[in-house]
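Below: the structure, in structure tokens.
The values are calculated or read from the model by the stated rules, or taken from the named source; none is laboratory data. All figures in this text were calculated on a predicted structure; none of them were measured in a lab. Every residue, glycine among them, receives a Cβ derived from its backbone with ideal geometry; neighbour counts consider all protein chains shown.
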Amino acid sequence: MKDLTYRLPQKRSVQGPLPGPASQALAERRDNAVARALTPGLPAYIVDADGGVLVDADGNSFIDFASGIAVTTVGASNEKVAAAVQESVQHFTHTCFMVSPYESYVAVCEKLNELTPGSFAKKTVLLNSGAEAVENAVKIARAYTKKHSVVVFDNGYHGRTNLTLAMTAKNKPYKEGFGPLAGNVHRIPTSYPLRDGLSGKEAADRAITKIEQEIGANNLACVVIEPIQGEGGFIEPAEGFLPALVEWCQSNNVVFVADEIQAGLARTGDWFACDHEGIVPDLITTAKGIAGGMPLSAVTGRAEIIDAVQPGGLGGTYGGNPVACAAALAALDQMAELNLNGRAREIEDIIREELSPLLDTGRVAEIRGRGGMIALEFVEPSGQPDAALTAAIAARCKEQGVLILTCGMNGNVIRLLPPLVISEELLRDGLRVLVDAFHAVQA
């Protein structure tokens, strides 16, 4: 991969046992002041970040295979994004677009209308978080179709609000104790080739049959799906599954919503994961990587669907904040200027090269995903999910200075989400730590 310019040294360096004294002191303050529910995965407090590294309060430098959960696609302190934020914040921090509008909001909408799949007329609404984008997509679909039911899929993750919790599959830690949740949400079997052994057409036929028998197209406002599931395990559906769902939706006045919050914006080697099979959603939700770390999300889609909502029916005080919009314009420009789609594909090649020998151990059932969104599913010799092995590998990686995330309904998947600006040397170093950690915990 082409070398880029970095502000911080791109190297892994752990000075001693973790957490160090400065992070220990901060952890004590957290215990006294922060809600118990917020439990950081890394026992170190970050004071600086750049490229593919995170530096903590004790001077340790970690390889970042998390990107703030796919947020810092262009790096955590991208020079162009930082400059855009500084320029914007000197003029005004907020006015609320619904009260006194500004150009940067319009410019972000124009850019998303241009980048998202489909050649038809589009419009966009800007919001704060991924969950808020998904919830507004459902509102828009209901307003357009005059129907109420929502279909989501096994293993799906869509957020932590009341409605999006109902749409999310995993109970612990997300839904436990928070009911009752929103109604009119129906969960349907997805395509999980490793586990179901079905072709895309077979899995789609199963899903569509269940929708027609148990819900009915006349009651269904929208189908919401992640083109590659994130928290559920980076599950990539079999070829043909998504196109069949889109075709059925188009034939039945059902809005097809692609939740591209984690997979979109260069993460998978295309602007959107939908581009892989050329599917065109009616609505598409974006967040995470959109603004280089600033809070911003969006719903983009067919103009006639977006405009089914009455004036004043969408919005929010902070949605499309001007500073976040400035960051988004810079981040999107950086994705194009640095060819992060191409770089994501190079990252995938390197990940598969370094990790493919693990497939021969019998403990990795599959390496899956695309671009800079790759996962390993760990299993026992019997083929059953092995959450204990997965947790042990993740813990050892952190001890060695590599931050990785786990996911999956059974907690047996390691997901790799490096910043797409990571250097090849750093990427390979982190992957080799992962391989060594696997063998060490197996010994």
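In the stretch 195-227, which residue that is assigned to a helix (DSSP H, G or I) and touching a residue at least 40 places away in the same chain (Cβ under 8 Å) is surrounded by the fewest Cβ atoms within 10 Å (Cβ to Cβ)? Per the criteria, the residue is N218.
Rundown of residues vs (1) within 19 Å of the chain's Cα centre (by Cα); (2) surrounded by fewer than 16 Cβ atoms within 10 Å (Cβ to Cβ); (3) not assigned by TED's automatic domain parsing to the domain that holds D259, yes/no style:
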| position | (1), (2), (3) |
| --- | --- |
| P295 | yes, no, no |
| P322 | no, no, no |
| E346 | no, no, yes |
| S356 | no, yes, yes |
| L359 | no, yes, yes |
| M373 | yes, no, yes |
| F378 | no, no, yes |
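Any idea which of K170, K175, K147 is assigned by TED's automatic domain parsing to the domain that holds I228, over 19 Å from V257 (Cα atoms) and touching a residue at least 12 places away in the same chain (Cβ under 8 Å)?
Result of the check over K170, K175, K147: K170.
Here D31 does not qualify as out of contact with any strand residue (DSSP E or B) (no Cβ under 9 Å at 6 or more places or on another chain), loosely packed, with under 13 Cβ neighbours inside 10 Å and in contact (Cβ under 8 Å) with a residue 60 or more places away in the chain. Against the criterion of being among the hydrophobic types (A, V, I, L, M, F, W, C), assigned to a loop (DSSP other than H, G, I, E, B) and in contact with a Phe, Trp or Tyr (Cβ under 9 Å, 6 or more places away or on another chain), L265 qualifies. Only strands (runs of 3 or more DSSP E) whose full extent lies in the stretch 292-410 are considered here, and the ones with at least 2 residues that are within 18 Å of G233 (Cβ to Cβ) and at pLDDT 95 or above are 364-370, 373-378, 405-407.
Which is hydroxyl-bearing (S, T, Y) and touching an Asp or Glu at 6+ places or on another chain (Cβ under 9 Å), of T268, T317, T300?
Checking each option against the conditions leaves just T268.
In the stretch 2-25, which residues are under 18 Å from R428 (Cβ atoms) and surrounded by fewer than 16 Cβ atoms within 10 Å (Cβ to Cβ)? K2, D3, L4, P9, K11, S13 - these are the residues of the stretch 2-25 that are under 18 Å from R428 (Cβ atoms) and surrounded by fewer than 16 Cβ atoms within 10 Å (Cβ to Cβ).
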